[in-house]
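Below is one structure, written out as structure tokens; comments come after it.
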Amino acid sequence: MEAAQETLATLELVAARRWGPARLPALRPLLWRTAEALTTVQAVPLPPAVEPFPPSPPVWEEA
Amino acid sequence: MTDLTELSAAEAAARIARRELSPVDLVDALLARSARLEPELQVWAYLDAEGARASARRLADEAARGVLRGPLHGVPVGVKDIVHVAGLPTRAGSRVYRAEPAEDATVVGRLRRAGAIILGKTHTTEFAYADPAPTRNPWRPTHTPGGSSSGSAAGVAARMVPVALGTQTAGSVLRPASFCGVVGFKPTYGRLSRHGVLPLAWTLDHPGTLTRTVADAALLLSLMAGPDGRDELCADVPVADYQAAVREPRPPRVGLVGAVYPERLSAAARACLDETARRLERAGATLVELTLPPIFATALDTHHLLMASEASAVHLEGVQARPEAYGPRLRLLVEAGALVPAPAYLGAQRVRRLIRAAVRPLFAGIDCLLVPAAPGAAPVGLESTGDPPFNAPWSLLGLPAIALPAGLDEQGLPLGVQLVAAPWREAELLAAAAWCERVLPPAPAPPG
């Protein structure tokens with residue numbers, strides 16, 4: 001939660017620069033949702049990036 | 001005498017093939033019903049009455065001469081208005097977008113070659129995101145039909161068209177299907193071409209179908225599936241005989257993982273899910289208790305980052321140029337998505353692969369999972385189309401999923417359940433769904 005608050009503060013700074021301070025009240029709920037998502041996803045341990053990244057988007061291999 | 005608007009696509013096609021039904025009479029019956037219900041329900045973004053009648057006359061003449069173009073000869077279809085249909089405008093529920101495509105989307109062209117008549121374009125939320133369409137729920141017009149495939153779900157439920165195309169990026173086929181009491185189906189990501197379909201978030205976008213029977217979902221898939229050189233992500237994977245799969249289904253092995261997000265599920269939907277499991281077991285299905293892997297808990301966050309980033313990439317230029325011309329929800333998504341750092345987006349794609357790898361083994365001994373299709377019945381109000389938490393994870397993972405009507409709540413509104421299968425296992429999924437359809441309470445027509 002604390003990490004998400006820090007991320008939200010960063011997003012608000014960038015949003016104010018990019019979209020103007022007047023947009024912040026409307027944007028804040030979605031910025032909070034995005035801050036939460038960034039915090040959660042960035043906390044997932046990823047395998048070392050020593051191999052070439054697979055292409056995105058992913059298509060399932062044939063079963 | 002049969003009410004022609006009640007016929008499924010397969011039933012209508014069979015009668016036309018036997019020369020017991022004229023496509024002209026079928027189109028006229030559907031247009032008459034649309035004329036009666038459209039002022040209230042607002043299903044059609046563009047109803048091509050004259051074009052449909054002209055096609056019906058041509059196809060009726062051919063059928064009278066014993067010439068059938070394919071398994072949908074003379075059967076009307078609705079098409080969500082983010083999918084191009086040659087000769088009809090595409091508006092995508094937008095004030096800034098208008099196209100007059102000269103060419104069908106691949107999925108539309110394949111249905112047309114099988115003899116389908118395109119009855120019209122159905123209302124969508126703006127660019128298939130969350131700013132609502134004008135469509136109302138045929139079960140109760142004060143309630144949302146869900147979205148983004150709002151007109152397709154409502155039109156099929158209201159018997160204004162037997163089948164329709166939709167698309168799903170989060171829950172845009174299965175949730176409106178559940179809210180409107182019809183069958184909503186999306187196959188594996190890459191099974192259907194997206195050529196001619198406007199993108200919202202291209203690594204999540206799936207074409208799908210709204211029908212009143214599982215057999216019709218199988219019929220449409222059998223006609224649309226297969227690689228397409230104009231969509232490089234449309235995979236060259238063997239296409240099964242989906243119609244055969246649903247003819248004599250056997251009792252399936254069904255995995256149970258609980259309510260997935262129990263805090264977001266209404267009591268009625270929870271009771272419906274539990275009762276459905278009991279019904280299936282009593283009728284002979286094998287239930288298998290399973291546990292979702294811990295990393296599944298990150299699915300909605302991963303989905304959000306991908307959808308926001310990709311929708312922003314698609315619509316950023318337009319929003320910057322004319323912000324006031326976009327709906328408030330899409331504008332906010334685009335503005336927030338533009339702030340997601342590129343490494344975070346790519347990290348989310350990598351997390352997505354980890355979730356897929358962790359979820360894949362669940363399907364080893366089962367035909368499908370049984371999970372909720374929506375948080376509950378259609379919410380009251382037209383300002384929102386409801387929430388997709390029970391669909392978005394499966395869109396993220398690109399797995400085939402189908403929503404089935406499973407009863408009515410205490411207010412008389414439809415409730416649905418969802419079946420999800422392993423990648424490319426649409427035949428097994430549709431077979432399981434066809435078996436469940438026979439066991440679950442029959443889905444009634446909405447009042448009126």
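Every read-out reported here was derived from the displayed coordinates using simple, explicitly stated rules and does not represent laboratory data. What you are looking at is a predicted structure, and each value in this text was computed from that prediction instead of being measured. Cβ placement follows ideal geometry from the backbone for every residue including glycine, while neighbour counts extend to all protein chains displayed.
Charges were assigned to the Cβ only: +1 to each Lys and Arg, -1 to each Asp and Glu. The resulting dipole of the stretch B:96-193 about its Cα centre is roughly 320 debye.
To the nearest 20 debye, what is the magnitude of the charge dipole of chain B about its Cα centre, counting +1 on the Cβ of each Lys and Arg and -1 on the Cβ of each Asp and Glu?
Values: 45 positive and 44 negative charges, 92 e Å.
About 440 debye.
Our Cα-only numbers for the protein assembly as shown put the radius of gyration and Dmax at 21.9, 73 Å.
Counting only other residues whose beta carbon sits under 13 Å from that of B:Ala259, what net charge do I get with K and R as +1, D and E as -1? Taking every other residue near B:Ala259 into account, the sum is 0.
What FRET efficiency do you get for B:Arg322 and B:Ala244 if R0 is 45 Å and r is their Cβ-Cβ distance, rounded to the nearest 0.05?
Given R0 = 45 Å and the Cβ-Cβ separation, E is 0.35.
Beta bridges per DSSP, both residues in chain B: antiparallel share near 65 percent. Seen through its C-alpha gyration tensor, with square-root eigenvalues sorted a ≥ b ≥ c, the stretch B:363-448 comes out oblate because a/c lies at 1.5 or above while a/b is not bigger than b/c.
Percent relative contact order of the stretch B:118-221, based on C-alpha pairs within less than 8 angstrom and at least six residues apart? Could you put the intermediate results ahead of the total?
Details: 224 pairs, mean separation 25.4, N = 104.
Relative contact order comes out at 24 percent.
Each of B:Ala157, B:Ser8, B:Ala177 was placed along the dipole of chain B (beta-carbon charges, centred on the mean Cα), and the one lying farthest toward the positive end is B:Ser8.
Taking other residues whose beta carbon is less than 13 angstrom from the beta carbon of B:Leu233, and scoring Lys, Arg as +1 and Asp, Glu as -1, yields -2. Estimated from the Cβ-Cβ distance and a Förster radius of 25 angstrom, the FRET efficiency linking B:Ala64 and B:Glu6 is about 0.55.
Our compactness index for the stretch B:260-343, the C-alpha radius of gyration over the empirical 2.2 N^0.38 Å, is 1.69.
Once you sort the root eigenvalues of the Cα gyration tensor of the stretch B:31-80 as a ≥ b ≥ c, which label holds: rounded (a/c under 1.5), prolate (a/b larger than b/c) or oblate (the other case)? Here the stretch B:31-80 falls in the prolate category.
With a ≥ b ≥ c taken as the square roots of the eigenvalues of the C-alpha gyration tensor of chain B, please select rounded if a/c is under 1.5 and otherwise prolate if a/b is larger than b/c or oblate if it is not? Taking the square roots of the gyration eigenvalues as a ≥ b ≥ c, chain B is rounded.
Of all the C-alpha pairs in the stretch B:312-419, what % are more than 17 Å from each other? Please list the in-between numbers first.
On the way: 4001 of 5778 pairs.
Pairs farther apart than 17 Å: 69 percent.
What you get for the protein assembly as shown, charging only the Cβ of Lys and Arg (+1) and of Asp and Glu (-1), is a dipole of about 460 debye around the Cα centre. Taking every alpha-carbon pair under 8 Å whose residues sit at least 6 apart, chain B reaches a relative contact order of 18 percent. Given Cα pairs under 8 Å that are at least 6 residues apart, what percent is the relative contact order of the stretch B:177-321? Normalised by residue count, the contact order of the stretch B:177-321 is 24 percent.
The convex hull defined by the C-alpha atoms of the stretch B:50-131 has an orientation-averaged projected area of 5.5 nm².
Counting other Cβ atoms within 10 Å, keep those with at most 14, restrict to DSSP loop, and tell me which trypsin sites (Lys or Arg not before Pro) in the stretch B:193-245 are left.
Numbers: sites: B:Arg194, B:Arg212, B:Arg230; in loops: B:Arg194, B:Arg212, B:Arg230.
Within the stretch B:193-245, the qualifying trypsin sites (Lys or Arg not before Pro) (loop, at most 14 other Cβ atoms within 10 Å) are B:Arg230.
Comparing mean-square fluctuations of B:Thr385, B:Thr298, B:Thr125 from a GNM of chain B with C-alpha springs under 10 Å, the top value falls on B:Thr298.
Using Cα centres only, tell me the gap between the stretch B:339-389 and the stretch B:123-171 in whole Å. If we compute the Cα centre of each part, the gap is 20 Å. Projecting the Cα atoms of B:Trp139, B:Ser22, B:Ala201 onto the charge dipole of the protein assembly as shown, computed from C-beta unit charges around the Cα centre, puts B:Ser22 farthest toward the positive end. Simple spin-label estimate for B:Val439 and A:Gln5 gives 5.0 nm between the two label positions (7 Å along the Cα-to-Cβ direction from each Cα).
Kindly provide the trypsin sites (Lys or Arg not before Pro) of the stretch B:1-97 that DSSP labels as loop, not H, G, I, E or B, and whose Cβ sees at most 13 other Cβ atoms within 10 Å.
Working: sites: B:Arg15, B:Arg18, B:Arg19, B:Arg33, B:Arg36, B:Arg53, B:Arg57, B:Arg58, B:Arg65, B:Arg69, B:Lys80, B:Arg91, B:Arg95; in loops: B:Arg18, B:Arg19, B:Arg65, B:Arg69, B:Arg91, B:Arg95.
Those that pass, being in a loop and sparsely packed, are B:Arg18, B:Arg19, B:Arg65, B:Arg95.
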